[in-house]
Amino acid sequence: MKSAIKDVNGVKVIELQGKITIGSGDIQLRDMIGNLVKEGQMKILVNMGGVTMMDSSGVGELVGCFTTVANKGGKLKLCNLTAKITDILTVTQLITVFDTFDSENDAVASFF
Amino acid sequence: MNDFAGPVVVSISSRFENIEVVQLVCENVCAKCGFDGEKTYQVGLALREGVANAMKHGNRFDLSRLVEVRFEQGQGILRIEIEDQGEGFDPSKVPDPLAPENLMKTSGRGILYMKTMMDRYEYRIEPGRGTILVIEKRI
């Protein structure tokens, strides 16, 4: 998995590309968001547009990250979900848990 | 067009990196079965979950224990058997990941994935062998 972090009006936007799967992207995702939380970042947006596959470990890490951020009083949201990722979040019923947006701009605006 | 002759059998040690190797074989088998991209993705994802479970819950990451994956076809079905060398893992004891109290858990969704992605899912535990998981997809 490849990743990049940028700041948009105080929102940390994480752009992910590739697979979030067991033993690779899942740990990377946890570390990346864990570090942002340690830095005191409370507004985190994960742009999922480039994610090609997310297995149950990847989903588990995403849930764990959501909880970590929420426990610190912050918010973690998702944007640009592909059909495959939307299907997975629907099947796991997590689509009701995450705030999701079709565009990065709308997602960033929702934090304010 | 379906030109998969099979069976194909792959044995791997219980390292997560090896899941990528089996998935590559799986994609090749799916192509020979004439699966489109969507079906190939579904089978690959289910396979990954089954192999990861075999490594984690079956072999408990013991590198001396193998996971064997067998691909075969018959009667219009691709059948994949995933066998570990553990003590026997009973997937029916995994809590329902859709129950409200489990929704925010960080694990326990692998079986749900397999049931969703495949047309058939079953497992058996045989004396002297580990857990044998069978997943099938109509061709």
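Shielding value for A:24-33 is 1, the average number of Cβ atoms from other chains within 10 Å of each residue's Cβ. Taking the inverse of the mean reciprocal distance over all distinct Cα pairs, the Kirkwood hydrodynamic radius of the range A:49-112 comes to 12.3 Å.
Residues considered: B:Ala54, B:Ala31, B:Ala99. Largest GNM mean-square fluctuation over chain B, using C-alpha springs under 10 Å, is found at B:Ala99. By the count of other C-beta atoms within 10 Å, a proxy for reagent exposure, A:Phe66, B:Phe4, B:Phe61 are ordered fewest to most as B:Phe61, B:Phe4, A:Phe66. Under the combined filter of DSSP loop state and at most 14 neighbouring Cβ atoms within 10 Å, the range A:29-104 retains these GluC sites (Glu not before Pro): A:Glu39. Between B:Thr106, B:Thr116, B:Thr40, the Gaussian network model of chain B with springs among Cα atoms under 10 angstrom shows the greatest mean-square fluctuation at B:Thr106. Restricting the range B:17-93 to GluC sites (Glu not before Pro) that sit in a DSSP loop and have at most 16 other Cβ atoms within 10 Å of their own Cβ leaves B:Glu87.
With a 10 Å cut-off around each Cβ of B:103-114, the average count of Cβ atoms from other chains is 6. Among the residues of B:43-50, the average count of other protein chain beta-carbon atoms within 10 Å of the residue beta-carbon is 3. The mean of 1/r over all distinct Cα pairs in chain A, once inverted, gives the Kirkwood hydrodynamic radius of 13.7 Å. The string of couplings for the range B:75-80 from the Karplus curve (6.51, -1.76, 1.60, θ = phi - 60°) is 6, x, 10, 8, 10, 10 Hz, one whole number per residue in order, with x for Gly and Pro. Within the same chain, lysines fewer than 8 places from B:Lys56 are excluded, and of the rest, those with a Cα less than 23 Å from its Cα are A:Lys19, B:Lys93, B:Lys105, B:Lys115. Here each label is just a point 7 Å from Cα along the line to Cβ, and for B:Leu63 and B:Met1 those points are 4.3 nm apart.
Of all the options B:Gly58, B:Gly128, B:Gly34, the one that moves most in a Gaussian network model of chain B with Cα springs shorter than 10 angstrom is B:Gly128.
To the nearest ten degrees, helix B:17-33 and the longest principal axis of the Cα atoms of chain B are 40 degrees apart. Over the protein assembly as shown, DSSP H runs of length four or greater, each weighted -39,500 (n - 2.57), average out per residue to a 222 nm ellipticity of -11000 deg cm²/dmol. Counting every alpha-carbon pair across the protein assembly as shown, the share separated by more than 27 Å comes to 39%. For chain B, the direction-averaged projected area of the alpha-carbon convex hull comes to 8.5 nm².
Each value in this text was obtained by applying a stated rule to the coordinates, not by laboratory testing. Not measured: the values here are computed from a predicted model. Cβ: placed from backbone, ideal geometry, glycine included. Neighbour counts: every protein chain shown.
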